[in-house]
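One structure is given here, and the rest of the page talks about it.
The values are calculated or read from the model by the stated rules, or taken from the named source; none is laboratory data. Everything numeric in this text was worked out from a predicted model, so none of it was measured. Cβ coordinates were reconstructed from backbone atoms using ideal geometry, including for glycine residues, and neighbour counts include every protein chain displayed.
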Amino acid sequence: MAAIHLDQVSVDFVVYQGSGRSLKKTLLHSSTSGIIRHDAQHRIQVHALDRVSLRLEHGDRLGLIGGNGAGKTTLLRAMAGVYEPTTGRIRVAGQVTPLFDLSIGFDGDATGYDNIRMRAAYLGVSRQEIEGKMDEIAAFTELGGHLDLPVRTYSAGMMLRLAFGAATAIDAEILLMDEWIAVSDAQFLEKAERRAEEFVGRASILVMASHVESVLRRLCNKLLWLENGRVVMMGPLEEVLAAYHAATGTGDMARKRGSPSLTEQPAMPS
């Protein structure tokens, strides 16, 4: 049975070593978020997660909310094994499928079909299984004969179609998603969102970060509210949303892509 258990997990990063005006300049221009500290060696340490504990079991659909820099992306990457905890322990039972960067595992000189195979291998899917799904993936992407061409000839929109089609053809036990899909083609966006919902529905556990409230309501049954790498509140979706809106003064009037949003800030990795 799939499960994720975090026990007092903290993640720290050393982002700079120096002193004087250069140190100040680095702080001003750094996009790294979290609680910033510096020590006697003039090292800046970002406390990205601070003693986070949670337990997720089969059927849990957890949304991560909080302002930019709250620690959402760091938490997802720690669950995926990308970041090792500085302190604490992470236990994961089940195969993890992270959807952070859809372009990972793609070769510009290989064809669309070969890149689908490489993407599947990256996600631990057998050659036999992916070949059995190839026709369905090709039909979804609507790329036709372009799938026989090197992907370096693709536009950004074509590349997204290929990557999204390949990634969502695989059944995931534990699905980790950072933000939502964004494509310029409105017709394909609707098609992609339907496919993504089906993909999420087949997963045992979902953890996703999003600023878009309508997406969270549609896909999640729990929310975890983070600020400065610390858990503010975790619980049923409506209870956490109400507390978050009361504390931040946000609500359904905030908009993103025409949908109710948690904040008026642009969605960025945190």
Tell me which residues, restricted to the range 81-120, are in a loop (DSSP other than H, G, I, E, B) and hydrophobic (A, V, I, L, M, F, W, C).
V82, F100, L102, I104, F106, A110
Taking the range 51-83 and the residues there that are at pLDDT 95 or above and either over 24 Å from V200 (Cβ atoms) or outside the structural domain of A247 (by TED's automatic domain parsing) (or both), the one that is nearest to the chain's Cα centre (by Cα) would be S53
Failed condition for A192, given (1) more than 15 Å from the chain's Cα centre (by Cα); (2) at pLDDT below 90; (3) more than 30 Å from E57 (Cβ to Cβ)
(3)
Does the range 146-159 include one or more residues that are under 23 Å from L219 (Cβ atoms), of a type outside the set (G, A, S) and either in contact (Cβ under 8 Å) with a residue 24 or more places away in the chain or buried (at least 20 other Cβ atoms within 10 Å of the Cβ) (or both)?
no
Six or more apart or on different chains, Cβ under 8 Å: which pairs go from a residue in the range 237-248 that's in contact (Cβ under 8 Å) with a residue 24 or more places away in the chain to one that's surrounded by 15 or more Cβ atoms within 10 Å (Cβ to Cβ) and aromatic (F, W, Y)? Could you list them?
V240/W225; Y244/W225
